[in-house]
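Structure first, then comments.
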Amino acid sequence: MNEHLTPIGATQQDDAVSVAELVERAFHYRGDVTVRIDDGSSVTGYLFDRDGRGNEPFAQLFEAETGREVSLPYRSIAGVLFTGRDAAAAADQRFEALQHWREEQADMGAGRHGT
């Protein structure tokens, strides 16, 4: 299962990985993330958009419990935790298992026919 309960990368803005990099990783993650805010609060949801190039870079999430859109300026982000299950990764794993099973079945069928 691709479920991360610890931070990936830096947890503070001054760590080796920038907030922009953490937000970018969260954007490409296919599950919920928990964004820690510098005031000690946090928001959990699906990060669906970000703009790191404007005058005020921001990230946007659909909050997990309410579905409301939340916009967070990068300057307020203290860390990102990958806390939700990556549903698409689970689907990828099931597809790979099916492909493997089909290959095994084809190999077994070829063995019975002497090819």
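Please enumerate the residues belonging to segment 43-57 that are surrounded by 17 or more Cβ atoms within 10 Å (Cβ to Cβ) and over 15 Å from residue 18 (Cβ atoms). Within segment 43-57, 43, 45, 46, 47 meet the criteria. Restricting segment 1-42 to residues that are at pLDDT 85 or above, within 23 Å of residue 92 (Cβ to Cβ) and in contact with a helix residue (DSSP H, G or I) (Cβ under 7 Å, 6 or more places away or on another chain) leaves a set whose member that is surrounded by the fewest Cβ atoms within 10 Å (Cβ to Cβ) is 31.
Does segment 76-90 include one or more residues that are polar (S, T, N, Q) and outside any helix (DSSP H, G or I)? The answer is yes, given that some residue of segment 76-90 is polar (S, T, N, Q) and outside any helix (DSSP H, G or I). With respect to the conditions (1) touching a residue at least 40 places away in the same chain (Cβ under 8 Å); (2) farther than 16 Å from residue 24 by Cα; (3) of a type in the set (A, V, I, L, M, F, W, C), residue 106 falls short on a single one, namely (1).
When you check residue 50 against the structure, is it of a type in the set (Lys, Arg), touching a Phe, Trp or Tyr at 6+ places or on another chain (Cβ under 8 Å) and not in a loop (DSSP other than H, G, I, E, B), yes or no?
So residue 50 fits the description; yes.
Every condition in (1) modelled with pLDDT under 95; (2) of a type in the set (Gly, Ala, Ser); (3) not in a loop (DSSP other than H, G, I, E, B) holds for residue 59 except the one numbered (1). Is there a residue in segment 66-84 that is at pLDDT below 95 and acidic (Asp, Glu)? No: zero hits.
The values are calculated or read from the model by the stated rules, or taken from the named source; none is laboratory data. Quick caveat, the model's predicted, so the values are computed rather than measured. Heads up, the Cβs are rebuilt from the backbone with ideal geometry, glycines too, and the neighbour counts pull from every protein chain shown.
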